[in-house]
Amino acid sequence: MALETAEQHGGYRITAINLVIGDLTSIVDDSVQFYFDALSEGTPAAGAKLNFRREAAAAKCLECGHEYPITPPLDPFCPQCDSAFLQISGGKEFFIESIEVDDEDTRG
Ligand SMILES: [Zn+2]
């Protein structure tokens, strides 16, 4: 995915990739970097640094309307009224937010 984007940028060397990862995913930063290093070897993205931004999940209590951010491990009860009727949103993202390329060659 990152490599395709790099090609759209004209094949410049990728210096950094900014990723958004939801808090509720089981994705571990270190393992992503590990796989990325292996996959990107010999490509314009080799040696690029991965920057992770953790996206917090939110819960809304359907009983009292209380909304609050949640972090794993999940507490299945509303902190305000102890209801278990919670609506969970967010926290499952995993996408590339932006890519930084080395475009010095095109400047001045
Ligand atoms: Zn509640």
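Key figures for this structure:
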{"item": "Descending semi-axes in whole angstrom, ellipsoid equivalent of region 27-98, from the Cα gyration tensor", "result": "38, 11, 8"}
{"item": "Gain upon complete extension [residue 27, residue 92; 0.36 nm per residue less C-alpha separation]", "result": "22.4 nm"}
{"item": "Amide proton proximity set for residue 22, modelled H, under 5 Å, gap of 5+", "result": "55, 93, 94"}
{"item": "Surrounding net charge for residue 61, when Lys and Arg each add one and Asp and Glu each subtract one, Cβ distance under 14 Å", "result": "-3"}
{"item": "Efficiency of FRET between residue 34 and residue 74 - r from beta-carbon atoms, R0 25 angstrom, step 0.05", "result": "0.40"}
{"item": "Neighbourhood charge, 14 Å Cβ-Cβ cut-off, centred on residue 18 and excluding it, Lys, Arg +1 and Asp, Glu -1", "result": "-2"}
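Just so you know, all these numbers are worked out from the coordinates, no wet-lab data involved. Quick caveat: nothing in here was measured; it's all calculated off a predicted structure. Using ideal geometry, Cβ is built from the backbone for each residue, glycine included, and neighbour counts are taken over all protein chains shown.
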